[in-house]
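Read the structure below first, then the notes.
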Ligand SMILES: [Zn+2]
């Protein structure tokens, strides 16, 4: 049966409902109290996506992507969704890792903790990244690494299934 409903956003629409009468009434109530019309729902999802991108970009120091403007626009969203989905422990470890690697002060502190020189620590960290780079593309660790380090919009797009 088709029903006229007024969504919670105030827009009107027609919904197709099945099932028992009481169930249909419950669904109509839901549409009217919390449901958004298809247009507002799309706008809401776009907003949520933009918020996620902003959150992730501000939290992690991610490379500026290269590619066509369309590729970049798409890849930025895929990257944010992927990073939000990966285990937090893993992405935080990488974040810390890159912070240490790019900050001589932090690098020196870490090296002192391990009783080695900054140069040795840097060499170890760089060797670790090389190793990550050589892992197969179906390896989860590699994908997390890739999402956080590649500047290729195309590479992110090619691996979008990891972010879905
Ligand atoms: Zn609406």
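The values are calculated or read from the model by the stated rules, or taken from the named source; none is laboratory data. From a predicted model like this one, the values you see are computed outputs, not experimental measurements. Every residue, glycine among them, receives a Cβ derived from its backbone with ideal geometry; neighbour counts consider all protein chains shown.
Under 9 Å by Cβ, and 6 or more places apart or on different chains, what pairs join a residue from the stretch 13-35 that is in a strand (DSSP E or B) with one that is loosely packed, with under 10 Cβ neighbours inside 10 Å?
Within 9 Å, the pairs are 13/4; 14/2; 14/4; 15/2; 15/4; 16/1; 16/2.
Find the residue count for the stretch 89-117, including only residues that are on the phi < 0 side of the Ramachandran plot and not in a helix (DSSP H, G or I). Give the steps one after another, and end with the answer.
Start the filter on the stretch 89-117 by keeping residues that are on the phi < 0 side of the Ramachandran plot, which leaves 89-114, 116-117.
So of that shortlist, the ones also not in a helix (DSSP H, G or I) come out as 103, 114, 116-117.
The number of residues fulfilling the criteria is 4.
Yes/no per residue for (1) touching a helix residue (DSSP H, G or I) at 6+ places or on another chain (Cβ under 7 Å); (2) within 16 Å of the ligand (Cβ to nearest atom):
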residue: 11; (1), (2): yes, yes
residue: 15; (1), (2): yes, yes
residue: 39; (1), (2): no, yes
residue: 45; (1), (2): no, yes
residue: 52; (1), (2): yes, no
residue: 55; (1), (2): no, no
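Being under 16 Å from the mean Cα position of the chain (by Cα) and farther than 30 Å from residue 36 by Cα narrows it down to one of 55, 103, 158, so name that one. It would help to see each step written out before you state the result.
Working: 55 fails: farther than 30 Å from residue 36 by Cα; 103 fails: under 16 Å from the mean Cα position of the chain (by Cα).
That would be 158, the only listed residue that is under 16 Å from the mean Cα position of the chain (by Cα) and farther than 30 Å from residue 36 by Cα.
Out of (1) surrounded by 11 or more Cβ atoms within 10 Å (Cβ to Cβ); (2) within 16 Å of the ligand (Cβ to nearest atom), the odd one out for residue 33 is which?
The single condition residue 33 does not satisfy is (1).
Confirm whether residue 164 is surrounded by fewer than 18 Cβ atoms within 10 Å (Cβ to Cβ) and either touching a residue at least 60 places away in the same chain (Cβ under 8 Å) or not assigned by TED's automatic domain parsing to the domain that holds residue 65 (or both). Walk me through how you get there before you give the answer.
On the way: surrounded by fewer than 18 Cβ atoms within 10 Å (Cβ to Cβ): yes; either touching a residue at least 60 places away in the same chain (Cβ under 8 Å) or not assigned by TED's automatic domain parsing to the domain that holds residue 65 (or both): yes.
Criteria met by residue 164.
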